[in-house]
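Engineer: Got a structure for you, written out below as C-alpha cells; questions coming shortly.
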Amino acid sequence: MNVDAAGVVRATDTGRHQVTAWTLDGAPLGKFGKFGMQDPADFVGCCNPINVATTPDGKVVTSEKMVAA
C-alpha cells in the first residue's frame, strides 16, 4: 500500500492482478492492471503485483515476483 503526496491511496490487489486507487475517505478513484504475458503492463503469475510505490514526480511503480522458468 502507498499514499502519495496528493493523498491518493494505492493498494495491490494480487488476486485480480491490479493496483487500485482510493481517496483517504475511501472513495474509489480507479484501477489498472490485468493478468497476462503479452503486454509489458500485464501482471504475470500468481499473486502479482506485490508492491506499489509513487515517485516524487507522481509516477506509480510496481514490482512482481519472479515467474519460475
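The values are calculated or read from the model by the stated rules, or taken from the named source; none is laboratory data. All figures in this text were calculated on a predicted structure; none of them were measured in a lab. We place every Cβ from the backbone using ideal geometry, glycine too, and count neighbours over all the protein chains shown. Calculation scope for accessible area: heavy atoms of the full protein, side chains included, ligands and nucleic acids excluded. Shrake-Rupley method; radii C 1.70, N 1.55, O 1.52, S 1.80 Å.
Engineer: Cβ-Cβ distance below 7 Å, separation of 6 or more or different chains: which pairs start in the range 44-65 with a residue that is over 11 Å from Ala5 (Cα atoms) and open to solvent by 50 Å² or more (accessible area, probe 1.4 Å) and end on one that is assigned to a loop (DSSP other than H, G, I, E, B) and among the basic types (Lys, Arg)?
Structural biologist: If the second residue must be assigned to a loop (DSSP other than H, G, I, E, B) and among the basic types (Lys, Arg), the pairs left are Cys47/Lys65; Ile50/Lys65.
Engineer: To continue, here is another question. Go through (1) polar (S, T, N, Q); (2) modelled with pLDDT under 95; (3) in a strand (DSSP E or B) for Thr12 and report which single condition fails.
Structural biologist: Status for Thr12: all satisfied but (2).
Engineer: Right, here's the next one. Return the pairs, sorted by first residue and then second, in which the second residue is of a type in the set (S, T, N, Q), the first residue lies in the range 16-35 and is within 15 Å of Asp4 (Cβ to Cβ), the beta carbons are less than 7 Å apart, and the residues are 6+ apart or on different chains.
Structural biologist: That search, which allows pairs on different chains as well, returns Val19/Thr12; Val19/Thr62; Leu29/Thr23; Phe32/Gln18.
Engineer: I'd like to check something: does the range 31-41 contain any residue that is within 23 Å of Met66 (Cα to Cα), touching a Phe, Trp or Tyr at 6+ places or on another chain (Cβ under 8 Å), among the aliphatic types (A, V, I, L, M) and in a loop (DSSP other than H, G, I, E, B)? Break it down stepwise before answering.
Structural biologist: Taking the range 31-41 first, the residues within 23 Å of Met66 (Cα to Cα) are 31-41.
Cutting the leftovers down to touching a Phe, Trp or Tyr at 6+ places or on another chain (Cβ under 8 Å) gives us 33-36, 41.
Cutting the leftovers down to among the aliphatic types (A, V, I, L, M) gives us 41.
Next, from what is left, pick out any that are in a loop (DSSP other than H, G, I, E, B): 41.
Looking for residues that are within 23 Å of Met66 (Cα to Cα), touching a Phe, Trp or Tyr at 6+ places or on another chain (Cβ under 8 Å), among the aliphatic types (A, V, I, L, M) and in a loop (DSSP other than H, G, I, E, B), one finds at least one in the range 31-41, hence yes.
Engineer: Name the residues in the range 13-29 that are open to solvent by less than 90 Å² (accessible area, probe 1.4 Å), of a type outside the set (A, V, I, L, M, F, W, C) and under 11 Å from the mean Cα position of the chain (by Cα), would you? Even if it seems obvious, please write down each step before you answer.
Structural biologist: So the first thing to find is which residues in the range 13-29 are open to solvent by less than 90 Å² (accessible area, probe 1.4 Å), and the list is 13-15, 17-21, 23, 26-27.
Retained after the next criterion (residues that are of a type outside the set (A, V, I, L, M, F, W, C)): 13-15, 17-18, 20, 23, 26.
Asp13, Thr14, His17, Gln18, Thr20 - these are the residues of the range 13-29 that are open to solvent by less than 90 Å² (accessible area, probe 1.4 Å), of a type outside the set (A, V, I, L, M, F, W, C) and under 11 Å from the mean Cα position of the chain (by Cα).
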